[in-house]
Amino acid sequence: AGTLTDKAEIEIGEGNEKAVWHYTYAQQSGLSVMESGEAMTVAMESGTETDLNAALPSDLFDGSEEKPLTLNAPAAHVTFDAQAVQSIASQANGKDVQIVISETEEESIKTVQITLQAGEQNVFDESSASGTATITVPYQVTEGYCPVVNLVFVKAGETQKMPVKVTGYDEYSVTFVVPHFSTYEISEAPGVKVTFMDGTEVVKEITIPQ
């Protein structure tokens, strides 16, 4: 890790959609950064579809950018909102940030573990996080079913689960929003197809009254 290098100006799109800078960070890191007036996106070549362990240069969290930051890797797409970016920057205090993602799947249940550290300090866990992160992970949803995401944690020696908001999904991926990184479990439940007035359709989980 370290600092971003080889800054080159490019123009893509118009107005607020125009990407005004493209950074290529040290070749061995496999990172490239696209920055527009509204957001910053980091393309990461490292890792696999189930694992990522990568160092992010301190420049990405220097506190000067009040805009969302998206990390695109084979294992997941993660978008920190502007508040989260500022919070991480204040805690990292100029240090490089390490993101680790581990995914396992068994019998249509995927477990996703994510950590973000600066040195040995967690900078986006339950006790330190501010803002939110939107996560998209590969997951094959069965036709007629919908995804269910739960936060998995241990309390008083017992494993417990808490529902997490799913904001979107398709046949191959699931997107959900979290207030901090932890362990998340993705499964699927029988659903019912809902058709909206504009003709779009989505499968919603069937809720059975207690």
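The values are calculated or read from the model by the stated rules, or taken from the named source; none is laboratory data. None of the values given here were measured: they were computed from a predicted structure. Backbone-built Cβ (ideal geometry, glycine too); neighbour counts: all protein chains shown. In case anyone asks, the SASA skips ligands and DNA or RNA and just uses the protein heavy atoms, side chains included. Shrake-Rupley method; radii C 1.70, N 1.55, O 1.52, S 1.80 Å.
Rolled with a 1.4 Å probe across the full set of protein chains, the surface gives D62 an accessible area near 90 Å².
How large is the translational diffusion coefficient of the stretch 31-95 in µm² per second when you combine the Kirkwood radius over alpha carbon pairs with Stokes-Einstein at 25 °C and 0.890 mPa s? Once the numbers are plugged in, D ends up at 202 µm²/s.
Close amide H partners of E188, meaning residues 5 or more places away or on another chain with modelled amide H under 5 Å apart, are V148.
Using a simple spin-label model with pseudo-atoms 7 Å out from Cα toward Cβ, S102 and S90 lie 3.1 nm apart.
When E103, E188 are compared by accessible area at a 1.4 angstrom probe, the order from most to least is E188, E103. Each residue of the stretch 152-165 is assigned a 3J(HN,Hα), and the resulting list reads 10, 8, 10, 9, 6, x, 10, 6, 10, 10, 9, x, 10, 5 Hz, derived from the Karplus form 6.51 cos²θ - 1.76 cosθ + 1.60 (θ = phi - 60°), x at Gly and Pro. Per-residue Karplus couplings for the stretch 176-185, computed as 6.51 cos²θ - 1.76 cosθ + 1.60 with θ equal to phi - 60°, are listed in order as 8, 10, 10, x, 6, 7, 6, 10, 10, 10 Hz, Gly and Pro entered as x. Relative to the Cα centre, the charge distribution of the stretch 33-93, modelled as +1 at Lys and Arg Cβ and -1 at Asp and Glu Cβ, gives a dipole magnitude of about 100 debye. For the stretch 38-141, the solvent-accessible area of protein heavy atoms averages 46 Å² per residue (probe radius 1.4 Å; ligands and nucleic acids excluded). What relative contact order, as a whole-number percentage, does the stretch 62-151 give when Cα pairs under 8 Å and 6 or more residues apart are counted? Contact order relative to length: 29 percent. Counting heavy atoms of the protein chains alone, V164 has an accessible area of about 20 Å² for a 1.4 Å probe.
The phi torsions of the stretch 132-138, fed into the Karplus equation with coefficients 6.51, -1.76 and 1.60 and a -60° offset, translate into couplings of 9, 10, 9, 10, 10, 10, x Hz, rounded to whole numbers, with Gly and Pro shown as x.
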